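Right, one structure below, let's go through it.
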Amino acid sequence: MGPATSISDPCADQAGRHEIAAWLRGEYPGGDDALFAAARRALERTVGPEVWMRGLLEYSNYCRCDCHYCGIRRSAEVSRFDLTDEEIVAAARECADAGFGSMTLQAGERRDRRSIVRIERLIRKIKTVTYREGLPEGLGLTLSLGEQREETYRRWYDAGAHRYLLRIETSNPSLFAQLHPTRQTFSDRVTALRTLKRVGYQLGTGVMIGIPGQTIDDLAADVRFFRDIDADMIGMGPYIPSVAAARTFRRAADRSVAERLQLSLRMIAVTRLTIPDLNIAATTALQALAPTGREAGLAAGANVMMPIVTPMSRRQSYQLYDGKPCLDEDSVACRACTPARAARLGRPVVPDAWGDAPHAHRRKGAEYE
Ligand code: SAH
């Protein structure tokens, strides 16, 4: 899709501070169904009804970070893996052949020179081998590789990656501090997000929803954070406890499964109404809480799905949280299943498209005015 010629007036949909919190509490006039319908209308008006696919390759679980909630944090007892270059390139070919048009490379965070250079080489390689008639510039490439130095972000951008996902996890600095060891700071995370924008990436961020101690006002502030940081895409989903998390985070969440699911759907809808022209993913974590959680995400205003293309034999070792779905399905199954879910809702899935958010083009265009 080209630049955002179809945007009417994004501000017309903007929700105010109090409305955001009220809607998150379930107080949208007419209830949640009316909220989701309004979000779908905002989506259709600004971005369109299409659902974009990004093959998600979780290529390694080695990680230098120790995020307390995460199933692959450094001190988690999990067998570590790193796919070979050949396996990564093969997965990229698979994505292009499946018509996904775009791919996300995700892994634990590493900053050693060897892995930085390796990723640069792989980005160039993937771009070269995924040229297709419908993909004249190869697969669209999103990275989700944590906080890095500006020079590293630049290197990968220059090699051909054009989007980056780095969740703020929560915009409440004291909650962020409870979730992370002291050396992982909120201000470093914000700096990394700003750096990514400066380098030129389309910026993705997001939060976990239903973190113990997180309030509705925190979530309302998260939506404002997305707007203020000028995010182009949002990936967010329910917080789900992991057996491999730090002891205090192993306990059940303080909101029920049903509450976390509903709150996640409201977050999608409210974000869509606040910043209508960005991309929002219906994340796998939604499906961990309900068999059709991702479809519910699409129905609440999401427009991106991320079929997992990680080889089945490695999926057990990339469980960020317990109950992650699709562990016993191979990538062939996910390749067919995910677009079918969108199609069942009557939403068109466009093959061979990068599916950039109009928001990103609006900003780029504005720079040259
Ligand atoms: N190293 C990359 C990828 C991190 S894992 C990075 O730093 O960005 C991707 C996301 O999984 C995290 O940002 C976090 O929001 C989510 N995640 C991790 N543990 C989770 C849990 N227990 N419940 C829900 N989401 C979780």
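The values are calculated or read from the model by the stated rules, or taken from the named source; none is laboratory data. Treat the numbers as computed from the prediction; the structure is a model and nothing was measured. Positions of Cβ are backbone-derived with ideal geometry, glycine not excepted, and every protein chain shown enters the neighbour counts. Remember, those area values only see protein heavy atoms, side chains included, never the ligands or the DNA or RNA. Shrake-Rupley method; radii C 1.70, N 1.55, O 1.52, S 1.80 Å.
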Nearest-0.05 FRET efficiency for T248 and R194 at R0 = 45 Å, using Cβ-Cβ distance, is 0.90
Taking every alpha carbon pair in region 214-296 and sorting the distances into 5 angstrom bins from 0 up to the bin holding the longest one, the percent per bin comes out as 3, 14, 24, 22, 20, 12, 5, 1
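Relative contact order (percent) for the chain, with alpha-carbon contacts under 8 angstrom and 6 or more residues of separation? The partial results should precede the final answer.
Numbers: 712 pairs, mean separation 94.6, N = 369.
Once divided by the residue count of the chain, the mean separation gives 26 percent.
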Any residue on another chain or 5+ positions along whose placed amide H is under 5 Å from the amide H of Y201 is listed here as none
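Using DSSP, restrict attention to beta bridges with both residues in the chain and report what percent are antiparallel, rounded to the nearest 5.
Details: 2 of 31 bridges.
Of the beta bridges lying entirely in the chain, close to 5 percent run antiparallel.
So, R0 is 30 Å and r is the distance between the beta-carbons of L345 and I216; what FRET efficiency does that work out to, to 0.05?
0.60
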Of every hundred units of 1.4 Å-probe accessible area on the chain, the number belonging to carbon and sulfur atoms, as a percent, is 51
Hydrodynamic radius by Kirkwood for region 207-261, inverse mean 1/r across distinct Cα pairs, in Å, is 12.4
Region 192-338 -> Rg/Rh from Cα coords, Kirkwood Rh, value 0.97
Toy charge model, Lys and Arg Cβ at +1, Asp and Glu Cβ at -1: the chain dipole around Cα centroid in debye, rounded to 20, equals 760
In a Gaussian network model of the chain with springs linking alpha carbons closer than 10 Å, the residue among E19, E329, E86 that fluctuates most is E86
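Throw me the Rg/Rh for region 24-165, computed over C-alpha atoms with Kirkwood Rh, two decimals.
Numbers: Rg = 18.5 Å, Rh = 17.3 Å.
Expressed as Rg/Rh, it is 1.07.
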Bounding extents of region 85-229 in its principal axis frame from Cα atoms, largest first in Å, are 48, 31, 27
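How long are the semi-axes of the equivalent ellipsoid of region 268-369, taking √(5λ) for every eigenvalue λ of the Cα gyration tensor, in whole Å from largest down? Spell out each step's value before the answer.
Values: eigenvalues 153, 48, 40 Å².
After diagonalising the Cα gyration tensor, the semi-axes are 28, 16, 14 Å.
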Comparing R154, R113, R224 in a Gaussian network model of the chain (Cα, 10 Å), the one with the largest mean-square fluctuation is R113
Label model pair D330, A258: point-to-point distance (7 angstrom along the Cα→beta-carbon line) in nm is 4.0
Taking the chain, the lysine pairs whose C-alpha atoms sit under 27 Å apart (8 or more places apart or on different chains) add up to 5
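Averaging sequence separations of C-alpha pairs under 8 Å and six or more residues apart, then dividing by the length of region 278-358, give the relative contact order as a whole percent. If you can, show how the numbers build up before the last one.
Working: 81 pairs, mean separation 24.8, N = 81.
Taking the mean separation of contacting Cα pairs over the length of region 278-358, I get 31 percent.
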Taking a probe of 1.4 Å and leaving out DNA, RNA and ligands, region 83-151 shows per residue an accessible area in Å² of 44
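Return the Rg/Rh ratio of the chain with Cα-based radii and a Kirkwood Rh.
Numbers: Rg = 19.0 Å, Rh = 20.4 Å.
Looking at the chain, the ratio lands at 0.93.
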GNM of the chain, Cα pairs under 10 angstrom: of G48, G237, G30, the biggest fluctuation goes to G30
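Nearest 500 deg cm²/dmol is fine: what mean residue ellipticity at 222 nm does the chain get from its DSSP H runs of n ≥ 4 alone, each adding -39,500 (n - 2.57), divided by its residue count? List each step's numbers first, then the result.
Working: 15 runs with 160 residues, N = 369.
The helix-only estimate for the chain comes to -13000 deg cm²/dmol at 222 nm.
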